[in-house]
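J.: Take a look at this one; I'll ask things after.
The values are calculated or read from the model by the stated rules, or taken from the named source; none is laboratory data. These numbers were taken from a predicted model, which means no experiment stands behind them. Here Cβ is always computed from backbone atoms with ideal geometry, including for glycine, and neighbour counts include all displayed protein chains. When the accessible area is computed, the model is the full protein with side chains, heavy atoms only, and any ligands, DNA or RNA have been set aside. Shrake-Rupley method; radii C 1.70, N 1.55, O 1.52, S 1.80 Å.
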Amino acid sequence: MINKKRIISRTTSSSERSRKYPSMLKTEITTTDDIDNCPNTANPNQEDLNEDGIEYAKKLDTEIDLLYLDPSRRNKENKKVHFLSDCTPLIDYDLIESLQNFKTILIKCSPIIDLKKTINDLKVVSKVYIVGINNEVKEVLFKLNKQSNNDIKIKCIELTNRELDFEFNIN
């Protein structure tokens, strides 16, 4: 029996997630160029949409388990950004509040993102995953949950040696 989960993914690398969540809604295709470059996956439970994923997610009237956001890590001048407010699409507390139908929102960010500012800006962060390879941070993910309290768990994951993983709480 397949565990039916519905997910909205705002990224172009969703093949792994579509295998894990067969009822995934892919919404990253926003231009005709993207459609031409997107491989056709043969998953009958996957729906491809030619519209802005964020706007589509706001219109949904059913509950969704997970919204995965992968904003750009560079600005229009192709320079790395340190703040979520400089990313595209703009992800802020107002956007999160407008996405009422999601149990969980997971935002993938650059390793140079300002953790404290992002936690303060988003207000509903429940967990932060810091993922590294050979002691080098590769990704930072923020898990948002609207029922979150002020006790935020930070989980550090070392993919080359999982015995080095650790976690702690911040208030």
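J.: For R73, which of the numbered conditions (1) closer than 20 Å to I130 by Cβ; (2) in contact with an Asp or Glu (Cβ under 7 Å, 6 or more places away or on another chain); (3) of a type outside the set (D, E) fails to hold?
T.: Only one criterion in (1) closer than 20 Å to I130 by Cβ; (2) in contact with an Asp or Glu (Cβ under 7 Å, 6 or more places away or on another chain); (3) of a type outside the set (D, E) is unmet by R73, namely (2).
J.: Looking at segment 32-86 only, could you name the residues that are at pLDDT 65 or above, over 26 Å from F102 (Cα atoms) and either open to solvent by less than 70 Å² (accessible area, probe 1.4 Å) or assigned to a helix (DSSP H, G or I) (or both)?
T.: Of everything in segment 32-86, those that are at pLDDT 65 or above, over 26 Å from F102 (Cα atoms) and either open to solvent by less than 70 Å² (accessible area, probe 1.4 Å) or assigned to a helix (DSSP H, G or I) (or both) turn out to be N75, V81.
J.: Condition (residue is in contact with a His (Cβ under 8 Å, 6 or more places away or on another chain) and of a type outside the set (S, T, N, Q)) applied to segment 86-98: is it met by at least one residue?
T.: There is no residue in segment 86-98 that is in contact with a His (Cβ under 8 Å, 6 or more places away or on another chain) and of a type outside the set (S, T, N, Q).
J.: If we keep just the residues of segment 144-156 that are open to solvent by less than 40 Å² (accessible area, probe 1.4 Å) and modelled with pLDDT under 95, which is farthest from P111 (Cα to Cα)?
T.: Here the answer is S148.
J.: Continuing with this model, one more query. Among the listed residues L115, L106, L122, L141, identify the single one that is touching a helix residue (DSSP H, G or I) at 6+ places or on another chain (Cβ under 7 Å), open to solvent by less than 80 Å² (accessible area, probe 1.4 Å), at negative phi and of a type in the set (A, V, I, L, M, F, W, C).
T.: Exactly one residue qualifies, and that residue is L122.
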